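To keep things clear, I will list the structure first and then write my remarks on it.
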Amino acid sequence: LDFYRCNRTLPPNENYDTWLPPDTYAKEHPEYFALVNGKRLQPKNSQGSKGWQPCVSNLDVQKIMAGNVIQYFRENPDVPGINVAINDGGGDCTCEECRALDGPVTDYSRAIGISDRYVYFTNKICELVGEEFPDKFIVYLAYASASAAPQKVKPHPRLLPYTTTSSH
């Protein structure tokens, strides 16, 4: 499988905004977006993939994002896979359901160890996409709060984790 970050064969760039465009959903469905400091974020398309995450425990979010990935594969049948990758800049959901997905040594104050929720979420997308496209890969960007290996969730066989490293 030809997979290089630089030539973007399977790009592992932040892109939840591609699969869940805020301007399409935020106004009518604030529950699709992260609960932060007691309020649901209301991102805009103009933010791109900066400063927000979806509520990954929301079943509708899983179905919508998987449906958009499926549509991408229908329109691009020759690609081996695509990324479904955490947005940049935080905004992780603090709802009870999302927090229940996290591993036992998660440090919320430092946004460390939240990988389990994002691997769980991406696994669900892999499962739904796999019903129609069992041979396609989903790239998972192990980045920021999701950079550590998951503690209690095993990645789906069609999930390709891509780790980032510090430039220090």
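The values are calculated or read from the model by the stated rules, or taken from the named source; none is laboratory data. Keep in mind that what you see is a predicted model, and the values were worked out from it rather than measured. No Cβ is skipped: glycine too gets one built from the backbone with ideal geometry, and neighbour counts run over all protein chains shown. The area values use the complete protein model at the heavy-atom level, side chains included, leaving out ligands, DNA and RNA. Shrake-Rupley method; radii C 1.70, N 1.55, O 1.52, S 1.80 Å.
Of note:
- Looking across the range 9-61, the residues that are closer than 19 Å to Leu101 by Cα, open to solvent by 10 Å² or more (accessible area, probe 1.4 Å) and in contact (Cβ under 8 Å) with a residue 60 or more places away in the chain come down to Leu35, Ser57.
- Residue list for the range 132-159, restricted to those being open to solvent by 30 Å² or more (accessible area, probe 1.4 Å) and at pLDDT below 90: Tyr143, Ala144, Ser147, Ala148, Ala149
- Out of Asp116, Asp78, sole residue that is assigned to a loop (DSSP other than H, G, I, E, B) and not aliphatic (A, V, I, L, M): Asp78
- Ile138 in contact with a Ser or Thr (Cβ under 9 Å, 6 or more places away or on another chain), closer than 20 Å to Asp17 by Cα, of a type outside the set (Phe, Trp, Tyr) and in a loop (DSSP other than H, G, I, E, B): no
- Out of Asn7, Asn13, one residue alone is modelled with pLDDT under 95 and over 16 Å from the mean Cα position of the chain (by Cα). It is Asn7.
- In this structure, Val84 does not satisfy being touching a Pro at 6+ places or on another chain (Cβ under 6 Å), under 24 Å from Glu31 (Cα atoms) and open to solvent by less than 40 Å² (accessible area, probe 1.4 Å).
- Selection within the range 110-135 - out of contact with any Ser or Thr (no Cβ under 9 Å at 6 or more places or on another chain) and among the polar types (S, T, N, Q): Thr122, Asn123
- Taking every residue in the range 93-105 that is over 16 Å from Phe33 (Cβ atoms) and pairing it with any residue that is in a helix (DSSP H, G or I) and open to solvent by 60 Å² or more (accessible area, probe 1.4 Å), at least 6 positions away or on another chain, the pairs with Cβ-Cβ distances below 6 Å are Leu101/Tyr120.
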